[in-house]
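Report on one structure; see the data block that follows.
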Amino acid sequence: MFAQSQGEGEGGGLVPYALFSKMEQPQHGLFTVWERNGRVALELRPDQFNKDFVETAVPINGLGGYFVTSGQTDFQEARIVRFVRTSDRTVAIIWPHTRFMATPGTPLANSVRASTSDSVVTIAKVMSTDPLTGDVVFDVSGLLGDVMDMTDVLNQAIADPEDPSTHYRLDSERTYFGPSKAFPKNVLIEADQTFVSFKPAVIDTVPDPRSVQIKVHYNLAELPVNPDYMPRLFDDRVGYWDNAHVDFSRDYRRDNRVHYILRWDVRPSDPTARVSPAKDPIVYYLSNTIPQQYRAPIRDALLTWNNAFRRIGISNAVVVKDQPTDSNWDPDDIRYNVVRWLSEANNGGFAEAQVLYNPYTGQIFRSAIVVDSDLMRYGKLEYLDLTPPEHAARVPRGHFTDPSYSSGAQAQYAYGILALSLMNGLDADRIPASYSYDYLKSIVLHESGHDFGLMHNFIGSEAYTAKQRQSKACTHQYGVATSVMEYAPLNLWPKGTPNGDYFQTVLGPYDYHVIQWGYGRIVGARSPDQEKPTLDRWASAWSNARYRLASDEDVAWTGGHAIDPRVAQWDLTNDNIGWCQTQMNMSHGLIGTLDRRFPSIEQPYEEERVAFGRLVGAYARCARILSHYVGGEYLSRAHRGDPHAVAPLTYVPLAEQKRAFASLDRYVFSSRAWNFSPSLMNKLVYTENESDWGYNPPTQHGVSASMLASALQASLYRNFFSPTMLQRLDDMSSRYGHKTMGLTDLFQWMQQTVYGDLSHPGST
């Protein structure tokens, strides 16, 4: 009985199973779940001990913003979990070490076991055993601990790293189990955890930020039994997520690491036919929480992927259905892939792909997408670009930055509505409905690409010319970028210039290429190694601009790791410098028209401040793109022998770097770039009720142009003079000579930019 201390019967013994089962009402599924008096127990069959299952942990509620959101999967990766009977009274819940391996039954396998360590999640107390079946019931109260390390997540998102008194910690006295669920293939255990802080920041989406509740779903799932599935080896020229192992049995190889890509097992039902339906299609269900007006673009986006699968002989690889009306149907059942709609606040706009896979083989067996309603609420986007640095340092960091595609796309969406309304003299509510449709479709296209195992591709915007981007026929057929996995910006050009599609609504050439590489059938191959010659041939197309890949590791500009100016987020065309010049001129020109349109009658002046912030934000993004040319190098992933392959590192011509720096001199470092009319600046005030529940106003009532200029300029200075940049410039001089810039160029250019006015006192 759960009421007994530690699950023991009278006299310290276990509760007899017959008595235990009469007192409780179980849920039957993968495991039997017992709940009573706030405690949860699992019942496992004898054959389920020492067996591998998959465990994930995700928050099922967010903070209403601050980029701690429901359904985020990046706080803890999918892990193998085992239940080990350690004694008559205890069960260990273990994360076994699965990264190192060797052929079972060999001395090397014994060596690996002796050389590695597992991680023990908790030791559970046995409550009862069934003498007839051998089933064991044990308490899982250990899962109420901070297994997912949400303490660290919260401290990064909403605490001051310099002030320990603001940090959060788990309060076990206010932590308890929520409702659990049992399904045939998985079991969910909910831990409702409370985290406390002595001196919290102002968090206006929590009633009392001293106490924050995060509900965590522990999902224990059965590994798919699929002996016909053959893993596919990873290749750095093609963008799939991968799962790595070290195979000590492969000592005859240069590298004993084994990387399997993450992908679904999607195959044609008739391999002999040119095209046949998928044997096991990926079936999505649209949750009944999705508003009616948004269901069509979501469905359209998911089904668009069928175009790529059809090219490799598989029709109807993706199927989309509405959520059944059956009351027993549950989106937490991993037999279903579900698109859900959430409602956050405080800049909560986001979308997130969720992928569950076999850590041994990389086979995906469940995926989902969560979409937040704020993505469609362009008026919610606040003036984040106007926040003074000293104020930003005192406010939760997650409130200001987020690297996700959806949050950046939301900024592009809002900027586009503003720019189009200013250009065409329209109210925002008169923007064509197709604009919002295409925007949402582009987001779901991107997130569903992750569901199929695809990584980001941040070089997908440099294959097309400006003229091609301005052609609707071209963008409608080939896309704004070569891939939906790119962070493509709004494709908007100045008034009077032809304009292609605003958003990426079709698969690009790279998307067809990557689906063929990851899902295409290779006839005759009976092992991953036998597939390699064909896969190498397909991947060798990297040097073709339409099939190139550059992912997250290649855009780490802040730390100085990234080097290739072609690899960026929110950039466009094969001439980034020219595109940025066009965009910055357009933003500056639109700022000059704000006074004629804002604020609307009976609206606060903050409306104009928000509009100003959107335009300044677009301006600043281009400045950062231009800065990547300074000290840049071109990076190639092509392998030796690939067609048209070049060396992994080649120089950016000095003339291109000079051109980029001259643009920065004109648009960022010159005082003329920040010369706004006094009439405009005198109106850019905030509204006192900007935050509904917490008062955390900016330090100034107005906006300081000098503050904006100095903040952007200082960020560029820091990058230019970082130790990594200076070392690279010094190194490039010895490798490339005068073909590209060196330290001398940087110092001379910066001196002329910063102090050039002193030699011409009358200039500005």
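The values are calculated or read from the model by the stated rules, or taken from the named source; none is laboratory data. Here the structure is a predicted model, which means the values were calculated and not measured. Every residue, glycine as well, gets a Cβ built from its backbone with ideal geometry; the counts of neighbours run over all protein chains shown.
Checking TYR512, TYR487 one by one, the residue that is surrounded by 21 or more Cβ atoms within 10 Å (Cβ to Cβ) and not aliphatic (A, V, I, L, M) is TYR487 and no other.
None of TRP579, TRP517 is in contact with an Asp or Glu (Cβ under 9 Å, 6 or more places away or on another chain), assigned to a helix (DSSP H, G or I) and farther than 19 Å from VAL480 by Cα except TRP517.
When every residue of the range 373-382 is checked against the conditions, at least one turns out to be modelled with pLDDT of 85 or more and touching a strand residue (DSSP E or B) at 6+ places or on another chain (Cβ under 9 Å). Identify, please: which residue in the range 119-145 is over 17 Å from ALA191 (Cβ atoms) and under 30 Å from the mean Cα position of the chain (by Cα) and is, among those, surrounded by the most Cβ atoms within 10 Å (Cβ to Cβ)? Only one residue fits best here, namely VAL120.
In the range 64-98, of all residues being among the acidic types (Asp, Glu) and within 15 Å of the chain's Cα centre (by Cα), the one that is farthest from ASP372 (Cα to Cα) corresponds to GLU77. Does ASP536 fit the bill of being acidic (Asp, Glu), assigned to a helix (DSSP H, G or I) and under 20 Å from the mean Cα position of the chain (by Cα)? Against the criterion (acidic (Asp, Glu), assigned to a helix (DSSP H, G or I) and under 20 Å from the mean Cα position of the chain (by Cα)), ASP536 does not qualify. The residues on offer are GLY617, GLY641, GLY631, GLY613, and the sole one that is in contact with a Leu (Cβ under 9 Å, 6 or more places away or on another chain) and part of a loop (DSSP other than H, G, I, E, B) is GLY631. Pairs only if they're at least six apart or on different chains, beta carbon under 7 angstrom, first in the range 144-171 and in the same structural domain as ALA57 (by TED's automatic domain parsing) and touching a residue at least 12 places away in the same chain (Cβ under 8 Å), second among the aromatic types (Phe, Trp, Tyr) and surrounded by fewer than 17 Cβ atoms within 10 Å (Cβ to Cβ); list them, first residue then second. Note: pairs meeting the criteria are MET148/PHE75; VAL153/PHE75; SER165/PHE198. Here ASP571 meets the list (1) over 20 Å from GLY460 (Cβ atoms); (2) of a type outside the set (Lys, Arg); (3) at pLDDT 95 or above almost entirely, failing just condition (1). Flag set for ASP300, criterion: under 23 Å from the mean Cα position of the chain (by Cα), surrounded by fewer than 18 Cβ atoms within 10 Å (Cβ to Cβ) and among the charged types (D, E, K, R).
Annotation note: of GLY589, GLY617, GLY631, GLY613, the sole residue that is more than 31 Å from the chain's Cα centre (by Cα) and under 29 Å from ARG718 (Cα atoms) is GLY589.
Step by step: first the residues of the range 13-31, then only those that are buried (at least 19 other Cβ atoms within 10 Å of the Cβ) and aliphatic (A, V, I, L, M), then the one that is nearest to ALA182 (Cα to Cα). Which residue is that? Among residues in the range 13-31 that are buried (at least 19 other Cβ atoms within 10 Å of the Cβ) and aliphatic (A, V, I, L, M), the one nearest to ALA182 (Cα to Cα) is LEU30.
When each of ARG566, ARG537, ARG526, ARG546 is tested for being in contact with a strand residue (DSSP E or B) (Cβ under 9 Å, 6 or more places away or on another chain) and over 19 Å from TRP241 (Cα atoms), the lone residue that passes is ARG566.
Quick check on the range 92-110. Is at least one of its residues of a type in the set (Lys, Arg), at pLDDT below 95, closer than 26 Å to LEU30 by Cβ and in a loop (DSSP other than H, G, I, E, B)? Step through it out loud before you land on a result.
Kept after step one, since they are of a type in the set (Lys, Arg), are these residues of the range 92-110: 99.
Within this subset, residues satisfying the condition of being at pLDDT below 95 are 99.
Then drop every residue that is not closer than 26 Å to LEU30 by Cβ, which leaves 99.
With the extra rule that they be in a loop (DSSP other than H, G, I, E, B), the set shrinks to 99.
Checked against the condition, which is being of a type in the set (Lys, Arg), at pLDDT below 95, closer than 26 Å to LEU30 by Cβ and in a loop (DSSP other than H, G, I, E, B), the range 92-110 yields at least one hit.
Checking every residue in the range 161-172 against the condition of being closer than 27 Å to ALA78 by Cβ, crowded, with 20+ Cβ neighbours inside 10 Å and at pLDDT 95 or above gives zero matches. Looking at PRO184, PRO209, PRO224, just one residue is surrounded by 20 or more Cβ atoms within 10 Å (Cβ to Cβ), over 25 Å from the mean Cα position of the chain (by Cα) and touching a residue at least 12 places away in the same chain (Cβ under 8 Å), and that residue is PRO209. Annotation note: Cβ proximity below 8 Å between a residue of the range 597-609 that is within 14 Å of ASP427 (Cβ to Cβ) and a residue that is in a helix (DSSP H, G or I) and hydroxyl-bearing (Ser, Thr, Tyr) (sequence gap 6+ or interchain) occurs for ARG597/SER421.
Among the residues making up the range 52-61, a single one is part of a loop (DSSP other than H, G, I, E, B) and either acidic (Asp, Glu) or surrounded by 24 or more Cβ atoms within 10 Å (Cβ to Cβ) (or both): ASP52. Here the strands (runs of 3 or more DSSP E) wholly within the range 114-231 that include at least 2 residues being charged (D, E, K, R) and under 30 Å from GLY362 (Cβ atoms) are 211-222.
Looking at the range 707-753 only, could you name the residues that are closer than 22 Å to PHE676 by Cα and touching a helix residue (DSSP H, G or I) at 6+ places or on another chain (Cβ under 7 Å)?
First pass over the range 707-753, keeping only residues closer than 22 Å to PHE676 by Cα: 707-716, 753.
Residues satisfying the conditions are LEU708, ALA709, ALA711, LEU712, GLN713, LEU716, THR753.
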